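Undergrad: Structure below; questions to follow.
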Amino acid sequence: MIRVLDKQIADKIAAGEVIERPVSIIKELVENSIDAGADSIVVEIKKGGKSYIRVTDNGQGIAHDETEKAFLRHATSKISTVRDLNSIQTLGFRGEALASICAVTRTELLTKRLCDKTGTRLILHGGEVVSSAHAGCPDGTTVVITDLFYNTPARLKFMKSDSAESTMIIDLMSQMALAYKDISFRLINNGNVLFSTSGDGNRLSIISRIFPGIDIRNLVEVDCVIPGISLKGFVSTPAMTRTGKNAQIFFVNGRVVNSKVIEKGITEGYRERLFDGRHPIAFLFLEINPEDLDVNIHPNKKEVRFNDERFVEEFISKAIKEALGRKEAVVRVADAFRESYENKAAFRSQEEVVSVKEEQFNFKNIMSTVSNDVAHFVQDVETPPVFNDFAGDNKSEDISEDTIILEKPIHRPFDFDQLQIKGSLFDTYIMAADNDCFYLIDQHAAHERVFYEKLVSEYDAEEKVRQPILVPVILDVDISASASDEWLEILCDMGYTIENFGQNSYRISEIPTFMDLSEAENFARDFSDNVSAASATRNSVVINKLIMKSCKSAVKANDILNPEEIDALIKDLKQCVNPFSCPHGRPTFIKLSKHEIERLFKRV
Ligand code: ADP
Ligand code: MG
C-alpha cells in the first residue's frame, strides 16, 4: 500500500537529489521497476531523453486508487515506520522520485496489476493531475515522460548535447544490465535498439550484447569465493588490453564504484603479464560483508572505502592470477597478431610523446558512438590485414549465444603434465600439444621467465645454494659500478660468490646452481651495467627490475636444445608462479586450438 509518510519519518530521510537531467529520471524509474519485481524493463529515449523517456516494466503494477498517491511527496509503499529504515531492501524508499519527476515534466502513467481486469491511465502536467481513467493495458507499469523542464526553462540550459545526455543514459543502463543479470533490459534510442539482454543470468552474454567491440573469447571468468568476500566477473587475457583503464567496471555489493584499491589489485594480478602502459579489460563484481565497508561514504557517491584495503587488494590480485593461470588465458595465435600490432602502435606513440587519445577502447567513446545512433560498434583496433579473414570470420561464428553457454569454462589451472613435446622449430620455438591445442613456446622468453623467478626467489631465500666453478671468471666492469660494492652483495644474495680483483675487475668463483657458466657470466655483466645506470638500493622492487633487465641477454637465443633440455625447461616453467609470459610481458606460450587449425584447412 502506498502511504504518505508522516512528517516525523519524512524528516529523518535525507532530502533527495533533485532531478537534474534525463539520466537521473531514468535511474529512478528503472529502480522503481526493479523494486516492483520486474524481470523485463524497456527504456526508450529520444533526443537524449530531453524530449521523450519511456520506461516499461512487467512488475507488480499499481492499484487504480493508489496511482495518484504515488506522485505525492513522501508517498511510498516501501516503508511505513522509522524502524523499517534499518531493514530496507529496496532501491528507493524516500517516496520522492515520482513527485520530483512529475513536477518538471509532462508525465503519463499506465499501470495494471495482474489481479485487476483493467489498468489506469494517469496524466500529470507539472505535477497537476490532468486526467485519470481506467484503461486497458498489459500487466506492469509504463511511465512516459515528455517535455523535460518545459516549465522550468532555466534548468534546460544545463542540459548537454543530445549525444552527451544519451551517453550518460547508455552508461547507466549498461551498468544496470550488468548488475541485474537476471533482468532483461532493452534500450532504444531514437527508434534504434542499442542493446537488449536476455535476463538469463549469463554475464558473458550481457557483456557481448553491450560491448560488441569486445571479443569475449579473450575474457576469462573470475570466480573466487571465501567467507565474507567474493569476486566474480570477467577479465581479459593478456591478448586483449587497452592503453587506459576505461574498460574496467567494478561493482561492490551491486553498486558501481570507482576504487583505487580494486585497480591496484588488478594491476598486481596482471603483474609481468602485460607490457608497460597496457591495461586489462575488467568487469568485476565484489561482494563483501557490509560491515567491512566504510558506511560513512555518501550512498550516491561512486567511491567506496574498505576497512581492510590490503586484504581486499590481495584477494583481488589472487583471484585474477588464478583466472590468468588457466588454459583459456593462454594467448591465441590470432590474438597474438592483433596484440603485437596494438603494442607497436602504443609504443610508437609513446616514443613520439604524442598523447594518444583513448581510442582503442573507451567506455564513453564506444557509448557515444552508439548514442549517435550507430547500433553496431567499430572494432576497437584494426586487425592487421594478414589475419583479417581469419579473425573476422571466426568471430561471427564463434560468438553465438550457444557457444557462450556451451563453453562455460571449467576452472582448472593449466595442466603442464598434459603437454607432449613435438619438437623444435627454427632452433627457437618448442612445439607442444595437449589433447585439443597446439602450442608454440618461445624458448628464449621461457628461459627468461625461469631465470627471473629463480633469481628472485634465490635472492629472497634464507639459504643460498651455489656451485663452485673450476676456473674463476674475471669480470671487468664499468668504473661507475666499481664505485659502489652494493651490487656485489646483491649478486651474492642470488647465489654468486664474487669479489673485487684489482681495479675494475671482479672474480667470480661460485655461481647460482641453475645457470651454466656463460649464462652466469652474461647475467653478472648485465647486472653490473644496469646497476650503474640505476642507483643500487636494497629495495626489492628495484632489485626485481634489475634482475628483469639483466635476464634478457643471459639467455642464449637460437641455441639448439636437446630433448632433455627441452623437458627440463618445460619442467622449470611449470614451477613458475607465472609461466605464461616473460618478465617483460611477452608471451612465452601461444596456442592454436585444434578447432582453429581445422578452420584454417576449411575442414569445418
Ligand atoms: P519510492 O521508490 O522511494 O517508494 P517513488 O516516488 O519512486 O518512491 O515511488 C512511489 C511509489 O510508487 C513506490 O513506493 C511504489 O509503490 C509505486 N511505484 C513507483 N513505480 C512503480 C512501478 N514501476 N511499479 C509498481 N509500483 C511503482
Ligand atoms: Mg523510487
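The values are calculated or read from the model by the stated rules, or taken from the named source; none is laboratory data. Every value quoted in this text rests on a predicted model; they were computed, and no experiment measured them. Please note: Cβ atoms are built from the backbone with ideal geometry, for glycine as well, and neighbour counts cover all protein chains shown. These area figures cover heavy atoms from the full protein model, side chains too; ligands, DNA and RNA do not enter into them. Shrake-Rupley method; radii C 1.70, N 1.55, O 1.52, S 1.80 Å.
Undergrad: Restricting segment 75-124 to residues that are among the basic types (Lys, Arg) and within 12 Å of ligand 2 (Cβ to nearest atom), which is nearest to Arg21 (Cα to Cα)?
TA: Arg94
Undergrad: If we only count strands (runs of 3 or more DSSP E) wholly inside segment 100-179, which ones have 3 or more residues that are out of contact with any Pro (no Cβ under 9 Å at 6 or more places or on another chain) and away from ligand 1 (no atom under 16 Å from the Cβ)?
TA: 128-135
Undergrad: Could I ask something else about it? Tally up the residues in segment 109-128 that are open to solvent by 70 Å² or more (accessible area, probe 1.4 Å) and more than 44 Å from the chain's Cα centre (by Cα), please.
TA: The number of residues fulfilling the criteria is 2.
Undergrad: Residues to consider are Tyr459, Tyr429; find the one that is farther than 25 Å from Asp559 by Cα and among the aromatic types (Phe, Trp, Tyr).
TA: Tyr459
Undergrad: I've got another one for you. Residues of segment 187-223 being in a strand (DSSP E or B) and surrounded by fewer than 20 Cβ atoms within 10 Å (Cβ to Cβ), which ones?
TA: Ile188, Asn192, Val193, Ser196, Glu221, Asp223
Undergrad: Could you please let me know if Asp171 is open to solvent by less than 40 Å² (accessible area, probe 1.4 Å), more than 20 Å from Asn58 (Cα to Cα) and out of contact with any Asp or Glu (no Cβ under 6 Å at 6 or more places or on another chain)?
TA: Criteria met by Asp171.
Undergrad: Look through segment 26-74, keep the residues that are assigned to a strand (DSSP E or B), of a type outside the set (Ser, Thr, Tyr) and open to solvent by 10 Å² or more (accessible area, probe 1.4 Å), and return whichever of them is nearest to ligand 2 (Cβ to nearest atom).
TA: Per the criteria, the residue is Asp57.
Undergrad: Among the candidates Gly95, Gly48, single out the residue that is in the same structural domain as Gly127 (by TED's automatic domain parsing), within 7 Å of ligand 1 (Cβ to nearest atom) and either at positive phi or in contact with a Cys (Cβ under 6 Å, 6 or more places away or on another chain) (or both).
TA: Answer to the check: Gly95.
Undergrad: Go over the candidates Ile214, Ile169, Ile210 one by one and state the one that is over 19 Å from Lys321 (Cα atoms), at pLDDT 95 or above and of a type in the set (Val, Ile, Thr).
TA: Ile169
Undergrad: So Asp65 fits all but one of (1) away from ligand 1 (no atom under 12 Å from the Cβ); (2) touching a residue at least 24 places away in the same chain (Cβ under 8 Å); what number is the exception?
TA: So Asp65 meets the others, but not (2).
Residues are listed down the side, and each one gets a yes or a no for (1) closer than 21 Å to Asn539 by Cβ; (2) at pLDDT 85 or above; (3) in contact with a Cys (Cβ under 9 Å, 6 or more places away or on another chain):
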site: Ile474; (1), (2), (3): no, yes, no
site: Ser480; (1), (2), (3): yes, no, no
site: Met494; (1), (2), (3): yes, yes, no
site: Asn500; (1), (2), (3): no, yes, no
site: Ile508; (1), (2), (3): no, yes, no
site: Thr513; (1), (2), (3): no, yes, no
site: Ser518; (1), (2), (3): no, yes, no
